[in-house]
Amino acid sequence: MISTNEIIVENTVSNESGGIDPWQLADAILERMDVKDSHTIDEMIHKRAVFSGTIIGSLLLFWWLVFIKFKSTTFNEPELITQLDYEIISAILPLLVFAGSVLNMMSRELGRPGPGTIAGFLLLISVYFIIEPLGMLIFSQTEAEMSTILWLCTKLAIIGSGVYVGSKMLMEAFLLSWVKRFLEMHEASITKENSNIEYLENNDSENPE
């Protein structure tokens, strides 16, 4: 129900015309991230931005040290499908995971199946690249030692999982930042009563449709 001084938003992201209702989208984001009030958004944005930056920076340093600087893996077999070296795969993997993470969040927040389908495909390819060296060993496609295989898979898994978490935190920071600007533009605030999020306008202006 929408009135002059109070807007109660239900948790859905599609309006009757099939478009995206920004009030409903904002409510879904705030409820999923458990935002208690307007004063906590800034802190949540800051924490997620710093956390994502720390993770991504650490992964860049890790990748440069173990794949470029010291080349601590003696695994020389090319990837079976694309025939790329695993140094190149280690650079492609973060891009696949990042794109998959962004599309996955888009699908969840907007309620669209298309981005989710592409995200599932990209994340599946990423997992395949991570475990493929182990599969090559199991099916006798390489003569590398088990320790070498496990170390390569571990490095790729660290990069892939780190990028997934870091990109998730980054996207959440951007979503919360959008919600903050959206509420400020409409001079609205957030309250939480009986597990329902209500948007209370600070003036008596006409409600947006």
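Looking only at residues of region 185-205 that are under 18 Å from Gln24 (Cβ atoms) and either of a type in the set (Phe, Trp, Tyr) or not in a strand (DSSP E or B) (or both), we find that the one that is modelled with the lowest pLDDT is Ser195.
Residues that are in a loop (DSSP other than H, G, I, E, B) and either surrounded by fewer than 17 Cβ atoms within 10 Å (Cβ to Cβ) or aromatic (Phe, Trp, Tyr) (or both) within region 21-40 comprise Met33, Asp34, Lys36, Asp37, listed in sequence order. Within region 148-161, residues that are free of Cβ contacts under 8 Å to residues at least 60 places away in the same chain and under 17 Å from Ala99 (Cα atoms) sit with their Cβ atoms under 8 Å from residues that are buried (at least 17 other Cβ atoms within 10 Å of the Cβ) and not polar (S, T, N, Q), at 6+ positions apart or across chains, in these pairs: Ala157/Ile130. Considering each residue of region 48-69 in turn, none proves to be surrounded by fewer than 17 Cβ atoms within 10 Å (Cβ to Cβ), of a type in the set (Lys, Arg) and under 30 Å from Gly111 (Cβ atoms). Right, Ile118: out of contact with any helix residue (DSSP H, G or I) (no Cβ under 6 Å at 6 or more places or on another chain) and either part of a helix (DSSP H, G or I) or among the aromatic types (Phe, Trp, Tyr) (or both) or not? No, not satisfied. Confirm whether Pro115 is of a type outside the set (Asp, Glu), in contact with a Leu (Cβ under 7 Å, 6 or more places away or on another chain), at pLDDT below 95 and within 27 Å of Ala28 (Cβ to Cβ). In short, yes. Within region 43-64, the set of residues being within 14 Å of Gly162 (Cα to Cα) and of a type in the set (Gly, Ala, Ser) comprises Ser52, Gly53, Gly57, Ser58. Number of residues in region 130-152 that are within 22 Å of the chain's Cα centre (by Cα) and under 26 Å from Phe51 (Cα atoms) equals 1.
The values are calculated or read from the model by the stated rules, or taken from the named source; none is laboratory data. Note that the coordinates shown come from a computational prediction; the quantities given were computed from them, not determined experimentally. With ideal geometry, Cβ positions are generated from the backbone for all residues, glycine too; neighbour counts draw on all protein chains shown.
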